[in-house]
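Student: Dropping the structure in here first, questions after.
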Amino acid sequence: MAIYEPIESPDQTRRYALRSPVTLDPIGELECASTEEVQATIARARAAQPAWAAKSFEERAEHMHRMADLVIAEQERIVETVLRETGKPRAEALSMEVYASVDALVFYAKRAAKFLGTERRRLHGVLGLLKKARIVYKPRGVVAVITPWNGPFVLSLNPTVQALMAGNAVVIKPSEVTPYSGALVAELFREAGLPDGLVQTVLGDGRTGSDLIAAGPDKVSFTGSVATGRKIAVACGERLIPYTLELGGKDAMIVCRDADLDAAAKGAVIGSCMNTGQYCCGTERIYVVEEVYDAFVAKVVEEVRKLRQSDDVDQADVGATFWDRQLTIIEDHVADAVASGARVEAGGGRNPDLKGLYFQPTVLTGVTQDMKVMRDETFGPIVSIMKVKDEDEAILLANDSPYGLNGNVWTRDAARGTSLASRIETGAASVNDMALSYGVNEVPFGGVKDSGIGMVNGPEGIRGYCHAMPIIVHRFGSGPVSFYPYTAKTVSDMQQAMKLFWGSRLMRRLFG
Ligand code: NAD
């Protein structure tokens, strides 16, 4: 039974029926915004933005603090909305969606002025004697934030906070699978007293998302699949709209011969099963050096057998798969692996005791690089483990993927771990922990290869919601350095200057 399917509409509006992935019972309907409504939303955002951009960082920060207060006060309402649409365990709704949201609000409220305040930049050489430079971080205007269903509240909130602190207005287009968790972000911002029109939501499907881009925002922040990311890039390219794409992954974990195997096994299990495996930086492929392979597999199987899967969100370690489309992909990947010789050490299929969309936490061994489960994004609670000769082979296999979002290396030698991690062709990595990078606000986050374009988060990410505008100021009164009329002397003076400034290494050191 589909948890999201089109229904008849008395008019031209596209409508969908939504069901709970936990009970499969109806939980509401989604009515897609029309093209005209999307355009009107952008127009309202455009009207609201200049007054917001004129506010100081302190004033904008005050609004973020009020929103943080409200998110804390309304945590139950957020958690209940997320649980209704996803069926993730309550602890995950609280940690991923609420805790991480408050952290982002407070982090950018405190630091946006530092990241985006007008920057002095020293100029080199002779120009530095005559001119000074300032970089002004100007908001782009209206930012479209298009988001997926796996972290439906936080993935809508986090880019919104950064765009707002940078002085933009925001229109959020949440996933059609989890529309109300995304809509709640805009609702709460309004309740927190943010001026009208600054954060709005348009609800709808992929067509609504493409209407949003056609309505001409000044920047698109997209999080979602590679296939949709390509469409966004084309749509933005045609209109020359800047964009960031945070896309799918197939993250590799490397277990070295000197790893702490207890920690690595726990890391493998949470890395693969957190959010029911529906985590962009989830661990999807595990390469283990042969000396420690058997011991590692035994520990992983022991850990996975301890996991509780339940439709009671207060009793579950591993919850539902949020969308039947994803469940079909998970089943297909596991069936393909088993048909090609993989062994099921735990789990292996849908949970027969539960009515909803539940796939058991599963351990697969004897997997090979050509199986779907090691090649395509599975996005399910599957721990896929492969034996390798040594760390070099692990790196080779980790890099044999079109994806490059995250990864992790496990070793008692942190320096060697860092060196190995840096050899993985990926956007980010961690040593002796599962993928943390998205949740570490200080660092930029973004994929390489098919996993994305551009960075979100950290100083680099928030600056992406601005145009960095250099303003060059003449130091001594006004007037350009004029060489008119050009004569033979102009040419020889220029040649002399080049000889003087760059003719020796000493002068290059002074003027370079
Ligand atoms: P999706 O690409 O199907 O949908 C994402 C959003 O794009 C939805 O809101 C959808 O309605 C909209 N959309 C669809 N077609 C569109 C179009 N033509 N124009 C504009 N918008 C359009 O992705 P999904 O299935 O919702 O999300 C799962 C994917 O997201 C996974 O691949 C996961 O790895 C990835 N993801 C990446 C990150 C990251 O930070 N890199 C984070 C979370 C999820």
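The values are calculated or read from the model by the stated rules, or taken from the named source; none is laboratory data. For clarity, every value in this text was computed on a predicted model and none was experimentally measured. No Cβ is skipped: glycine too gets one built from the backbone with ideal geometry, and neighbour counts run over all protein chains shown. Surface areas here come from the heavy atoms of the whole protein model, side chains and all, with no ligands, DNA or RNA. Shrake-Rupley method; radii C 1.70, N 1.55, O 1.52, S 1.80 Å.
Student: Which value, in debye to the nearest 20, describes the size of the charge dipole of the chain about its Cα centre when Lys and Arg Cβ atoms bear +1, Asp and Glu Cβ atoms bear -1, and nothing else is charged? Don't skip to the answer; put the middle values down first.
Tutor: Numbers: 57 positive and 64 negative charges, 699 e Å.
Dipole magnitude for the chain comes out near 3360 debye.
Student: Using the Cα centre of segment 335-468 as the reference point, and only Cβ charges (+1 on K/R, -1 on D/E), how large is the resulting charge dipole? Debye, rounded to the nearest 20. Kindly include the intermediate steps, with their values, before the conclusion.
Tutor: Details: 12 positive and 17 negative charges, 49 e Å.
That gives a dipole near 240 debye.
Student: Out of Gly458, Ala421, Leu105, whose Cα points farthest toward the positive end of the dipole of the chain (charges: +1 Lys, Arg; -1 Asp, Glu; placed on Cβ)?
Tutor: Gly458
Student: Let me ask something else about it. First compute the accessible area of segment 1-158 with a 1.4 Å probe, then give the percent of it belonging to carbon and sulfur atoms.
Tutor: 54 percent
Student: While we're here: Need one number: % antiparallel among DSSP beta bridges in segment 69-203, to the nearest 5.
Tutor: Working: 3 of 11 bridges.
The antiparallel fraction comes to roughly 25 percent.
Student: Another question, if that's okay. Normalise the Cα radius of gyration of segment 251-441 by 2.2 N^0.38 Å (N = residues in it) and let me know the number. Could you put the intermediate results ahead of the total?
Tutor: Values: Rg = 15.4 Å, N = 191, 2.2 N^0.38 = 16.2 Å.
Working it through for segment 251-441, the quotient is 0.95.
Student: Using a 1.4 Å probe on the protein chains only, how many percent of the accessible area of segment 456-512 belongs to carbon and sulfur? Before the final figure, lay out each step's value.
Tutor: On the way: 2850 of 4380 Å².
Of the solvent-accessible surface of segment 456-512, carbon and sulfur hold 65 percent.
Student: For labels at Arg416 and Asp433 in the simple 7 Å Cα→Cβ model, what's the distance in nm?
Tutor: For Arg416 paired with Asp433, the spin-label model returns 2.2 nm.
Student: Any chance you could look up the accessible area of Arg239 with a 1.4 Å probe, heavy atoms only, rounded to 10 Å²?
Tutor: 100 Å²
Student: Also, quick follow-up: Taking just the alpha-carbon atoms of the chain, what radius of gyration and Dmax come out, in angstrom?
Tutor: So, for the chain, Rg and Dmax equal 26.0, 91 Å respectively.
Student: Would you list, by chain and number, the lysines whose Cα falls below 25 Å from the Cα of Lys132, excluding same-chain residues fewer than 8 positions away?
Tutor: The qualifying lysines are Lys114, Lys499.
Student: Also, quick follow-up: What translational D, rounded to a whole number of µm²/s, comes out for segment 431-501 from Stokes-Einstein when the hydrodynamic radius is the Kirkwood one over Cα pairs, at 4 °C and 1.567 mPa s? Please report the intermediate quantities before stating the final value.
Tutor: Details: Rh = 17.6 Å.
Estimated diffusion coefficient is 74 µm²/s.
Student: Return the FRET efficiency for the residue pair Leu24, Ala113: r is the Cβ-Cβ distance, R0 is 56 Å, and the value is rounded to the nearest 0.05. Working shown, then result.
Tutor: Working: r = 49 Å, r/R0 = 0.87.
Using R0 = 56 Å, I get an efficiency of 0.70.
Student: Quick one: of Lys88/Lys173; Lys55/Lys110; Lys110/Lys138; Lys173/Lys231; Lys138/Lys231, which pairs are farther than 25 Å apart, Cα to Cα?
Tutor: Numbers: Lys88/Lys173 22 Å; Lys55/Lys110 15 Å; Lys110/Lys138 19 Å; Lys173/Lys231 16 Å; Lys138/Lys231 28 Å.
Violating the 25 Å Cα-Cα cut-off are Lys138/Lys231.
Student: Counting only protein heavy atoms, what percent of the accessible surface of segment 251-441 is carbon or sulfur at a 1.4 Å probe?
Tutor: 49 percent
Student: Below 8 Å, C-alpha to C-alpha, sequence gap of six or more: please give me the relative contact order for the chain in percent.
Tutor: Details: 1141 pairs, mean separation 86.3, N = 512.
Relative contact order for the chain comes out at 17 percent.
Student: Heavy-atom accessible area per residue, the chain, 1.4 Å probe: how many Å²?
Tutor: Details: 22250 Å² over 512 residues.
Here the per-residue accessible area is 43 Å².
Student: Next question, about the same structure. Counting other C-beta atoms within 10 Å, and keeping those with at most 14, which DSSP coil chymotrypsin sites (Phe, Trp or Tyr not before Pro) do you find in segment 463-508?
Tutor: Values: sites: Tyr465, Phe476, Phe483, Tyr486, Phe501, Trp502; in loops: Tyr465, Phe476, Phe483, Tyr486.
Listed in order of number, the matching sites are Phe476, Phe483, Tyr486.
Student: Please state the charge dipole magnitude for segment 253-335, taken about the Cα centre, from unit charges on C-beta atoms (+1 on K and R, -1 on D and E), reported in debye and rounded to the nearest 20.
Tutor: Taking the Cα centre of segment 253-335 as origin, the dipole is about 80 debye.
Student: Counting only protein chains, not ligands or nucleic acids, how are Ile286, Ile270 ordered by accessible area (probe 1.4 Å), most first? Can you show the working numbers first?
Tutor: On the way: Ile286 0, Ile270 85 Å².
Ranked from most to least accessible, the order is Ile270, Ile286.
Student: Sticking with this one: Among DSSP beta bridges lying fully in the chain, give the percent that are antiparallel, nearest 5. Don't skip to the answer; put the middle values down first.
Tutor: Values: 28 of 63 bridges.
Within the chain, antiparallel bridges account for around 45 percent of the total.
Student: Check Asp258: other-chain or 5+ apart residues with amide H under 5 Å from its amide H, H built from backbone geometry?
Tutor: Arg412
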